[in-house]
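Everything on this sheet refers to the single structure shown next.
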Protein chains: 2
Amino acid sequence: MPGLLRNISILKRCSNLYRGDRLKEIPINPHHCTYVLTICHHPGISQEELAKHICIDKSGVARHLAVLEEQGYVKRIPSEKDKRCLLVYPTSMMEEILPKVRQATRDWNAYLAEGLSEEELELFRSLLQRVTDRAKNYADRREETDAL
Amino acid sequence: MPGLLRNISILKRCSNLYRGDRLKEIPINPHHCTYVLTICHHPGISQEELAKHICIDKSGVARHLAVLEEQGYVKRIPSEKDKRCLLVYPTSMMEEILPKVRQATRDWNAYLAEGLSEEELELFRSLLQRVTDRAKNYADRREETDAL
């Protein structure tokens, strides 16, 4: 049987294909859907918190946000408390596409879940949550070492 | 409880952080580890088969392979049967990094699995396989429609 990561990677890439198909009329990279969902849910989140929240390294987040800013989806404003800290806000253009991104995500989740019975789905969700928590634990510890 | 895709995405991104940390001395993007593993396992795979195998759209695969070719990791040679079809071969430079990519992948899989009992892991693997098959089924059907 293949390693866990192989299937997790395939699942993630198929999800990107699906999102790309569903959102093809919107000029947004499927990889950026997570940014849409997170930034609209936490307007004013700092670039650093966002990186931690979605488990991407700081330089990657800065690069993706620069693209989203150029496309008109976000605004980055220096924090009043600490000018080096950039706060990220969705523009009305990002808020406009949010319902479509949300719906495509819901539909894909429903499609994936359809192959399992209710009990199997519950079990899968709970095991997936535990494995994800373990992965996040690695990312969090890494972050702490970084801050020392 | 969050939707399946949310946790799958976090898992995948934490995996990239881990691979990035483990392979930081190698000039390769963690996103390209799948290419290393697949191309070394199937030397001479066509660009199109590769796209299907790893569930990335053809233009994405072409873009990533162009980067890998420029970095000296792959060679693309037109097929003798059909000159439009590009076959992808690993260079010795890619073969050299393969053991490290493989080991980092194995270690990460082992780290993730450690949080579950043997029975739970077996169950998780089997449910994950079914959900992945369902996701791949979407990608395959999409491919067929594309070929019509």
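Taken together, the values in this text are just the output of simple stated rules run on the coordinates, not laboratory data. These figures come from a predicted structure and were not determined experimentally. Reconstructed Cβ throughout: ideal geometry from the backbone, glycine too, with neighbour counts over all protein chains shown.
Here is the figure for region A:94-115: residues that are over 17 Å from the mean Cα position of the chain (by Cα) and exposed (fewer than 12 other Cβ atoms within 10 Å of the Cβ) total 2. One residue stands out in region A:30-62 among those that are within 12 Å of chain B (Cβ to nearest Cβ) and among the charged types (D, E, K, R): the one that is nearest to B:Ser59 (Cα to Cα), namely A:Asp57. Here A:Ala110 clears all of (1) out of contact with any Leu (no Cβ under 8 Å at 6 or more places or on another chain); (2) touching a residue at least 24 places away in the same chain (Cβ under 8 Å) except the condition numbered (2).
For region A:113-139, give me each residue that is more than 7 Å from chain B (Cβ to nearest Cβ) and touching a residue at least 60 places away in the same chain (Cβ under 8 Å). Passing the criteria: none in range.
Of the residues examined, A:Arg76 is one that is more than 15 Å from the chain's Cα centre (by Cα), touching a residue at least 12 places away in the same chain (Cβ under 8 Å) and surrounded by fewer than 18 Cβ atoms within 10 Å (Cβ to Cβ). Got a number for residues in region B:5-29 being at the interface with another protein chain (Cβ under 8 Å from one of its Cβ atoms), surrounded by fewer than 23 Cβ atoms within 10 Å (Cβ to Cβ) and touching a residue at least 24 places away in the same chain (Cβ under 8 Å)? Qualifying residue count, region B:5-29: 1. Applying the criterion of at least 2 residues that are farther than 22 Å from B:Leu17 by Cα to the helices (runs of 4 or more DSSP H) found wholly in region A:1-97 leaves A:4-22, A:33-41, A:58-70. The set of residues from region A:116-148 being assigned to a helix (DSSP H, G or I), surrounded by fewer than 10 Cβ atoms within 10 Å (Cβ to Cβ) and of a type outside the set (S, T, N, Q) comprises A:Glu118, A:Glu119, A:Glu144, A:Asp146, A:Ala147.
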